[in-house]
Every structure is written in C-alpha cells, then in structure tokens.
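What follows is a short report on a single structure.
The values are calculated or read from the model by the stated rules, or taken from the named source; none is laboratory data. What you are looking at is a predicted structure, and each value in this text was computed from that prediction instead of being measured. As a convention, Cβ positions derive from the backbone with ideal geometry for all residues, glycine included, and neighbour counts pool all protein chains shown.
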Amino acid sequence: MRTSFTDEENKLLVQIAYQFEREGLRITWDYVARRVNRTRAPNAFRLRLASLKRTYGNK
C-alpha cells in the first residue's frame, strides 16, 4: 500500500505516540501535527497510527 507519509514521519509519529502512552496520557493530535508536519491535518496522524498498528501490531 502506498502512502504519502515518509519513513521519518512514521518514526516520529510512533515515538510521540509511545511517549504519550508511556506517560499514561491521551494523545493530543494537534500536538502531534505540530511536531511532525504542519501541512497535515491532526486526524491524518490518528488514521496513520491506526494503520501502522494494524500492519505491524501494537508493540
């Protein structure tokens, strides 16, 4: 499946999501969008993380 997300964006997205999870916090998608790529909508990151979890598991 093709995606417009780069490997760098995927890696940063997973790192940020893991940090939120480790601290027991709910992911703030606006924060993620500002940190990773300002041109994408916050919802795009939520959907991308869900896709990555389906593909690679919830590790």
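Here are the numbers for the structure shown:
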quantity: Residue in the range 5-21 that is exposed (fewer than 11 other Cβ atoms within 10 Å of the Cβ) and not acidic (Asp, Glu) present; calculated: no
quantity: Tally, over the range 7-40, of residues that are modelled with pLDDT under 95 and outside any helix (DSSP H, G or I); calculated: 4
quantity: Selection within the range 22-43 - hydroxyl-bearing (Ser, Thr, Tyr) and surrounded by 11 or more Cβ atoms within 10 Å (Cβ to Cβ); calculated: Thr28, Tyr31
